[in-house]
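Working notes for the structure below.
The values are calculated or read from the model by the stated rules, or taken from the named source; none is laboratory data. The structure displayed is predicted, hence computed values, not measured ones. Here Cβ is always computed from backbone atoms with ideal geometry, including for glycine, and neighbour counts include all displayed protein chains.
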């Protein structure tokens, strides 16, 4: 197990290096000059040149990249051009907010979708199956930002049950924080349940056709026992992999939901930093997200043998 973890971490290093290089180059392609944005249009050329030299933007791009990577290796992600705050502390602080929403949303979506997919497969071509599959297809087809806006209009503006804008941290008030997170989490749960239901159903259908399921039924096991002992464990592997991918994708792409509900998460930070041409923050966010994505995939691989007996025996 330790060898597997070390091997995966070793493979992650080239991946992160490629991501760092790609992000660094793409950020430099964004139109606009951070020095001009900070000093304004009326700034003199000498002032702009002095600020560019202070920020290190006057050096060749390869030199800037080498300096930045050297700082990253030492744990220094630099400081925000806009606010002067340390980038690593800023990213971690915003990431905690995003991770709370994403983890709760994916967990609830999995708890709802996996049993629904098993039941749909067990009752294939029945009214229950058509209801679950149809609902999953509709939820999967609705963009997350549109779903969030619908929830805002219904529960925020029309019924006035929930706050429309703003955010309260759990350290300030756990109760208020939970209330403010209801609609963002509900948006993720509804949207991601669609893809998880379809995957759980497809995997369960494959297992239900196998001989050992027929043998288990022939021995007199109830349908509930067959689903729990044989179908669920042997069909959950692909769904578990998809859950890991969904978790990583949401952490990287939650900016839309955070923008709709004005939540100060890492996605919102990334969008604001792009508009401000804040190179250190953009690079720090993207590299941190890539690291978390790689880490999630390693954790998924480590737990995979628990859900797939064939992998455990290999």
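With respect to (1) assigned to a loop (DSSP other than H, G, I, E, B); (2) under 30 Å from residue 261 (Cα atoms); (3) free of Cβ contacts under 8 Å to residues at least 60 places away in the same chain, the lone exception for residue 220 is condition (2). Can we say residue 247 is assigned to a helix (DSSP H, G or I), in contact with a helix residue (DSSP H, G or I) (Cβ under 9 Å, 6 or more places away or on another chain) and in contact (Cβ under 8 Å) with a residue 40 or more places away in the chain? It is true that residue 247 is assigned to a helix (DSSP H, G or I), in contact with a helix residue (DSSP H, G or I) (Cβ under 9 Å, 6 or more places away or on another chain) and in contact (Cβ under 8 Å) with a residue 40 or more places away in the chain.
Any residue in the range 299-314 that is in a helix (DSSP H, G or I), at pLDDT 80 or above and touching a helix residue (DSSP H, G or I) at 6+ places or on another chain (Cβ under 7 Å)? Within the range 299-314, one or more residues are in a helix (DSSP H, G or I), at pLDDT 80 or above and touching a helix residue (DSSP H, G or I) at 6+ places or on another chain (Cβ under 7 Å). With the requirement that a residue be more than 23 Å from residue 22 (Cβ to Cβ) and modelled with pLDDT of 85 or more, what does the range 54-102 give you? The answer is 85, 86, 89, 93, 96, 97, 99, 100, 101, 102.
Among the conditions (1) over 21 Å from residue 250 (Cα atoms); (2) part of a loop (DSSP other than H, G, I, E, B), residue 169 misses just one, which is (1). Taking the conditions (1) under 21 Å from residue 239 (Cα atoms); (2) in contact with a helix residue (DSSP H, G or I) (Cβ under 7 Å, 6 or more places away or on another chain) in turn, residue 87 satisfies each one other than (1). Residue count for the range 254-293 under the criterion of being free of Cβ contacts under 8 Å to residues at least 24 places away in the same chain and farther than 15 Å from residue 94 by Cβ: the result is 1. Kindly indicate whether residue 248 is crowded, with 20+ Cβ neighbours inside 10 Å, under 30 Å from residue 167 (Cβ atoms) and within 15 Å of the chain's Cα centre (by Cα). The answer is yes for residue 248.
Restricted to the range 156-165, and to residues there that are loosely packed, with under 14 Cβ neighbours inside 10 Å and in a helix (DSSP H, G or I), the residue that is modelled with the lowest pLDDT is 157. Condition check for residue 296 on (1) buried (at least 23 other Cβ atoms within 10 Å of the Cβ); (2) within 29 Å of residue 186 (Cα to Cα): one failure, at (1).
Checked against the criterion of being modelled with pLDDT under 85 and under 13 Å from the mean Cα position of the chain (by Cα), the range 266-281 has no qualifying residue. Scanning the range 264-280 for residues that are crowded, with 24+ Cβ neighbours inside 10 Å and part of a loop (DSSP other than H, G, I, E, B) yields 265, 278.
Do we have residue 9 as modelled with pLDDT under 75, under 18 Å from residue 293 (Cβ atoms) and within 31 Å of the chain's Cα centre (by Cα) here? Write out each step before concluding.
Values: modelled with pLDDT under 75: yes; under 18 Å from residue 293 (Cβ atoms): yes; within 31 Å of the chain's Cα centre (by Cα): yes.
Criteria met by residue 9.
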